[in-house]
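The values are calculated or read from the model by the stated rules, or taken from the named source; none is laboratory data. Here the structure is a predicted model, which is why all the values come from computation and not from measurement. For neighbour counting, all protein chains shown are included, and Cβ atoms are generated from backbone atoms with ideal geometry for every residue, glycine included. Quick note on the areas: whole protein, heavy atoms, side chains included, nothing else; ligands and nucleic acids left out. Shrake-Rupley method; radii C 1.70, N 1.55, O 1.52, S 1.80 Å.
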Amino acid sequence: MNISVYTEATPNPATTKFIVNKLLINGSVDYPTRESAENSPFAKELYKFSFVNGVFFASNFVTVTKTEGSEWEDILPILKEFVKGAVESELKVQIVEQETDVTFEGTDTEIKIQQILNDYVRPAVEQDGGAIAYRSFDAGVVTVELRGSCSGCPSSTITLKSGIENLLKRMVPEVTEVVSEAM
């Protein structure tokens, strides 16, 4: 298979999405630090570049966060070539694959919230090179975790309040607020 890689800007100016024409992983996995990448040969290799400050994988893309002071125009060609080579040589995203089945747990309301996040919010957030994970529902407050390009993104608060919170309030009357848990 001839691997092609193209890049896409994300709402977070510090991250870029590298999309390939091959499935990399079922689900998503975040390696926000060099130390967290121990079980990912692909992420470990990316972290060897001094300008890489975060790595996130989902389906057919890898989102890379750059260090402050590095310029995309200088590093994009290097990263694009690396991603192409890594995918061609089948460098593993994870040594131990995650469960691929999505299961929801909790009360009926919690399950409904998780289903909405999975069906409506996750695909939109993944389009921007990120991921969202449900954490809890307590006294009307839904707590989520934003990862990938969404972590530290200037527009993530707008996405959280205007998009996700409004959607959940409309579809689940018990929801009064959505907050993001810091990683």
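For the reader, a short list of remarks on this structure follows.
- Every condition in (1) in contact with a Phe, Trp or Tyr (Cβ under 9 Å, 6 or more places away or on another chain); (2) at pLDDT 75 or above; (3) of a type in the set (Gly, Ala, Ser) holds for Ser149 except the one numbered (2).
- The number of residues in segment 156-183 being within 17 Å of the chain's Cα centre (by Cα), part of a loop (DSSP other than H, G, I, E, B) and in contact (Cβ under 8 Å) with a residue 40 or more places away in the chain comes to 2.
- In segment 129-155, residue farthest from Thr7 (Cα to Cα) [restricted to those that are part of a strand (DSSP E or B) and aliphatic (A, V, I, L, M)]: Val141
Here is a yes/no grid of residues against (1) charged (D, E, K, R); (2) touching a Gly at 6+ places or on another chain (Cβ under 9 Å); (3) within 26 Å of Tyr134 (Cα to Cα):
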| site | (1), (2), (3) |
| --- | --- |
| Thr16 | no, yes, yes |
| Arg34 | yes, no, yes |
| Glu38 | yes, no, yes |
| Lys44 | yes, no, no |
| Phe51 | no, yes, no |
| Phe56 | no, yes, yes |
| Val64 | no, yes, yes |
| Gly69 | no, no, no |
| Ile75 | no, no, no |
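- Apart from one condition, Asn39 fits all of (1) open to solvent by 20 Å² or more (accessible area, probe 1.4 Å); (2) in contact (Cβ under 8 Å) with a residue 40 or more places away in the chain; (3) in a strand (DSSP E or B); the exception is (3).
- Pairing each residue of segment 121-148 that is at positive phi with any residue that is of a type in the set (Ser, Thr, Tyr) and at pLDDT below 90, provided the two are 6+ apart or on different chains, yields C-beta distances under 7 Å for Gly129/Ser149.
- Taking the criterion of being surrounded by 20 or more Cβ atoms within 10 Å (Cβ to Cβ) and in contact with a helix residue (DSSP H, G or I) (Cβ under 7 Å, 6 or more places away or on another chain), the residues of segment 48-57 that qualify are Val52, Val55.
- Test result for Ile3, over 25 Å from Thr159 (Cα atoms), of a type outside the set (D, E, K, R), open to solvent by 80 Å² or more (accessible area, probe 1.4 Å) and not in a helix (DSSP H, G or I): no
- Every test in (1) in contact with a Gly (Cβ under 8 Å, 6 or more places away or on another chain); (2) open to solvent by 30 Å² or more (accessible area, probe 1.4 Å); (3) at pLDDT 90 or above is passed by Gln98 save one, and that test is (3).
- Qualifying residue in segment 40-48 (condition: modelled with pLDDT under 95, aliphatic (A, V, I, L, M) and under 15 Å from Ile95 (Cβ atoms)): no
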